[in-house]
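Have a look at the structure below before the remarks.
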Amino acid sequence: MALLEIKNLVKNYGDVEALKGINLSIEKGEVVVILGPSGCGKSTFLRCLNGLEEIKSGQILLQNAGELGKDIPWVKARQRIGMVFQSYELFAHLSVIDNILLGPLKVQKRDRAEAEKQADELLKRVGLYDRKNAYPRELSGGQKQRIAIVRSLCMNPEIILFDEVTAALDPEMVREVLDVILGLAKDGMTMLIVTHEMAFARDVADHVVFMDGGTIVEEGTPTEVFENTHNERTKAFLSRFSQNS
Ligand code: ADP
């Protein structure tokens, strides 16, 4: 079985069918990138995988855990499936280190010294150890996003979901965040990434998924999807990006 297996996932918002039966398998160590036009369901899909949206039908299976939300409750599942959001979601009243340690101490009940040692190492790795005691308001957007990634990593998740994490950043800060994610990919972290950064998507992905209208309309290796595109909607979407770059 794959690390994460999604079977026929359907999600409705009232009368709007946001996801119309998504099937996807993610192997351990694999990086899957999801592309698609605004409103096609990318964010909804990631949110369903983290239990932030209630699904109408289908199954989300995690290796050695079973069906999420059924065999394993969402509070437990979220420790194994991390998520990083476009808007960072850091607590303004907590310092960087207290933001990072909140989950490890309160949810995982870990020893502070042990968790802080890991946090320090992760902060060094993203080049922000010197901002350990700063507050979110004292950080740039790129720094806040790198802290949000460290906070997720410090829970030792088996997979991390990234939801357009550079979309709110000034252009000069996008690179520093993408480089952290590329480093994680090199280290074998399993990731599911929604992004509009096409060059990055090509670089980082093992598998590319193109969504439109709540369904997966094309998928394959980066070469297959970017160079041997079959679907007309994928072609139209990708050509908009090549015109802009
Ligand atoms: P994407 O991330 O690809 O831009 P979303 O997942 O945000 O797309 O949205 C998919 C569809 O679901 C869209 O039609 C959107 O309008 C709708 N939608 C998303 N969130 C909600 C919500 N909270 N309530 C109602 N409709 C929603």
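The values are calculated or read from the model by the stated rules, or taken from the named source; none is laboratory data. Being a predicted model, the structure only gives us computed values, none of them experimental. Neighbour counts are summed over all protein chains in view; Cβ atoms, including those assigned to glycine, are modelled from backbone coordinates with ideal geometry. Surface accessibility is based on the protein's heavy atoms, side chains included, excluding ligands, DNA and RNA. Shrake-Rupley method; radii C 1.70, N 1.55, O 1.52, S 1.80 Å.
Whole number please: convex hull volume per residue of the Cα set in the stretch 109-206, in Å³? Don't skip to the end; give the middle numbers.
On the way: hull volume 10.6 nm³, N = 98.
Spelled out: Cα convex hull of the stretch 109-206, divided by residues, is 109 Å³.
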Worksheet item: Do the sum for the chain: with -39,500 (n - 2.57) for every DSSP H run of n ≥ 4, divided by all residues, what is the mean residue ellipticity at 222 nm, to the nearest 500 deg cm²/dmol?
Response: -11000 deg cm²/dmol
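Considering only DSSP beta bridges where both residues belong to the chain, give the percentage that are antiparallel (nearest 5).
If we restrict to bridges inside the chain, about 55 percent are antiparallel.
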Response to the item:
With a Förster distance of 51 angstrom and the Cβ-Cβ distance between residue 70 and residue 133, calculated FRET efficiency to the nearest 0.05 equals 0.75
Worksheet item: Between residue 91 and residue 63, 0.36 nm times their residue separation minus their Cα-Cα distance comes to what?
Response: 6.9 nm
Worksheet item: On average, how much accessible surface per residue is there in the chain, in Å², for a 1.4 Å probe, leaving out ligands, DNA and RNA?
Response: 47
Practice prompt. Past 29 Å, Cα to Cα, is the threshold; run 11/124; 56/76; 42/235 against it and keep the listed order.
Written response: 11/124
Response to the item:
By the C-alpha gyration tensor axes a ≥ b ≥ c (rounded if a/c is under 1.5, else prolate when a/b exceeds b/c, else oblate), the shape of the chain is oblate
Discussion item. If I compute solvent accessible area with a 1.4 Å probe over the protein chains, what percent of it on the chain is carbon and sulfur?
Written reply: 47
Practice prompt. Calculate the spin-label point distance for residue 117 paired with residue 98, positioning each point 7 Å from the Cα along the beta-carbon direction, and give it in nanometres.
Written response: 2.5
Response to the item:
Length-normalised contact order of the stretch 82-170, Cα under 8 Å, at least 6 apart, in percent, tallies to 52
